[in-house]
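Below you'll find the structure, written out as structure tokens, and then a few comments.
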Amino acid sequence: MTKHKFSTAIVCLLVSTCAFAAGEKGEWTLSQSEDPGKIRLFLHSESDANHSFNNSSDWNAAELKGLDWKTAGKHDVRFSIARDAGTIDGDGFLKDGSGAGLFTFHGNAKYSQEMAALGFSGVTEDELFAYTIHDVSLEFVRGIKAAGVTDVDKDKLIAFRIHGVSPEFVREIHAAGVNEIEAEKLIAFRIHGVSPEFVRGIHAAGINTADSEKLIAFRIHGVSPEFVRDMHAAGIGTVDSEKLIAFRIHGVSPEFVKGLSAAGESTTDPEKLVAFRIHGVSPEFVGQLDHLGFPHPDPEKLIALRIHGVTPEYIEKLRARGIQNLTLDQLINLRIHGID
């Protein structure tokens, strides 16, 4: 199976948070968030034509210390956002829950020293700004290290905060039976929805959950606990991860299996079922063959018929021209030799 690798570099490019323009000043705008108790804060910083930074995210209104929400009408405001990595000081105006103005960022040099002691040396002013925006607190970093996560670098700490890889998430994944500690896989878990609940559901369905890449592939291709249970109910009891993924890739569904059974084909061989979907052995095809007097062909014969183009229409045309009572093997031979 193709390995599902994840690159934090890609995420960094997408969210524009891995590199920031040098400079400590910028502009802010503020509006109401759809999330109760939060506001949408947009920050823009530009040092020259080639370096700019934009971030739009929801913040707890209480984090903007000193912001005057009570005064009616347009009025001047000042606020401060203080986090471990630094402080954002803003001033401007507010009117009816929306506002704009300028901000200044002050990095915390002591934070850089603390990060170096934790193994993340050389934190730049730009990175201090990123860590402030995404709240990469010292407590968070210590928690990630205590959880035993490996291959963590400065960019991955930001990716953790963006995608929700917290010390609590790591502990819960481990408690669910997946002892994954590799940073990139934990990020991929969050991106693709490999949650503790999902892992427990897959395990309860009888599937081995030890392979992190297969768990990610399950989420990518839609192998859910419900899908596994429905396949078992349809008579396909495989718990092989590769076969379940192949089912989803090629469209071997519980409905497809039940349709084949109703048409008289009750194979439970996973490889044959996948081959059926690849070559077009459908319940309708099986039913049409039965109507033409070919009930219950073996799976290999059904696949050979589709590969060589022996269709119900082909059989009916031969019969209309007086060619009767041919076996399936004879029909296949006719097609192999180009006899129409």
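The values are calculated or read from the model by the stated rules, or taken from the named source; none is laboratory data. These figures come from a predicted structure and were not determined experimentally. FYI the Cβ positions are ideal-geometry reconstructions off the backbone, even for glycines, and counts take in every protein chain you see. Just the protein is used for accessible areas: all its heavy atoms, side chains included, with ligands, DNA and RNA removed. Shrake-Rupley method; radii C 1.70, N 1.55, O 1.52, S 1.80 Å.
Quick check on my filter: what residues within the range 267-308 are over 30 Å from the mean Cα position of the chain (by Cα) and of a type in the set (A, V, I, L, M, F, W, C)?
Across the range 267-308, the qualifying residues are V281, F285, V286, L289, L292, F294, L302, I303, A304, L305, I307.
Provide a single number: the residues in the range 113-130 that are at pLDDT 95 or above and crowded, with 19+ Cβ neighbours inside 10 Å.
2
Of the numbered conditions (1) at pLDDT 75 or above; (2) more than 20 Å from G107 (Cβ to Cβ); (3) in contact with a helix residue (DSSP H, G or I) (Cβ under 9 Å, 6 or more places away or on another chain); (4) among the small types (G, A, S), A9 satisfies every one except a single condition; which is it?
A9 satisfies every listed condition except (1).
Among the residues of the range 132-168, how many are assigned to a helix (DSSP H, G or I), in contact with a helix residue (DSSP H, G or I) (Cβ under 7 Å, 6 or more places away or on another chain) and closer than 22 Å to K185 by Cα?
From the range 132-168, those assigned to a helix (DSSP H, G or I) are 132-133, 138-146, 154-163, 167-168; that's our starting set.
Still in the running and in contact with a helix residue (DSSP H, G or I) (Cβ under 7 Å, 6 or more places away or on another chain): 138, 141, 143-144, 146, 154-160, 162-163, 167.
Now restrict to residues that are closer than 22 Å to K185 by Cα: 141, 143-144, 146, 154-160, 162-163, 167.
Total meeting the criteria: 14.
Residues being open to solvent by less than 30 Å² (accessible area, probe 1.4 Å) and not in a helix (DSSP H, G or I): count how many of those fall in the range 225-252.
Looking only at that region, the number is 5.
List every residue pair whose Cβ atoms sit under 6 Å apart, with the two residues 6 or more apart in sequence or on different chains, where the first one lies in the range 201-226 and is more than 18 Å from G237 (Cβ to Cβ) and modelled with pLDDT of 95 or more and the second, anywhere, is part of a loop (DSSP other than H, G, I, E, B) and among the charged types (D, E, K, R).
S212/E180; E213/K3
Output the qualifying pairs, or none if there are none: Cβ atoms under 9 angstrom, residues six or more apart or on different chains, first residue in the range 234-257 and farther than 16 Å from R219 by Cα and charged (D, E, K, R), second residue open to solvent by 30 Å² or more (accessible area, probe 1.4 Å) and assigned to a helix (DSSP H, G or I).
Here the result reads E255/D230, each pair linking the range 234-257 to a residue that is open to solvent by 30 Å² or more (accessible area, probe 1.4 Å) and assigned to a helix (DSSP H, G or I).
So which residues in the range 162-193 are touching a strand residue (DSSP E or B) at 6+ places or on another chain (Cβ under 8 Å) and open to solvent by 30 Å² or more (accessible area, probe 1.4 Å)? Don't jump to the end; show me each part of the working.
In the first step, residues of the range 162-193 are kept if they are touching a strand residue (DSSP E or B) at 6+ places or on another chain (Cβ under 8 Å); the result is 181-183.
Passing the criteria: I181, E182.
Condition check ((1) under 33 Å from the mean Cα position of the chain (by Cα); (2) part of a loop (DSSP other than H, G, I, E, B)) across all residues:
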{"position": "G92", "(1), (2)": "no, no"}
{"position": "A100", "(1), (2)": "no, no"}
{"position": "H106", "(1), (2)": "no, no"}
{"position": "E114", "(1), (2)": "no, no"}
{"position": "V123", "(1), (2)": "yes, yes"}
{"position": "D126", "(1), (2)": "yes, no"}
{"position": "F129", "(1), (2)": "yes, no"}
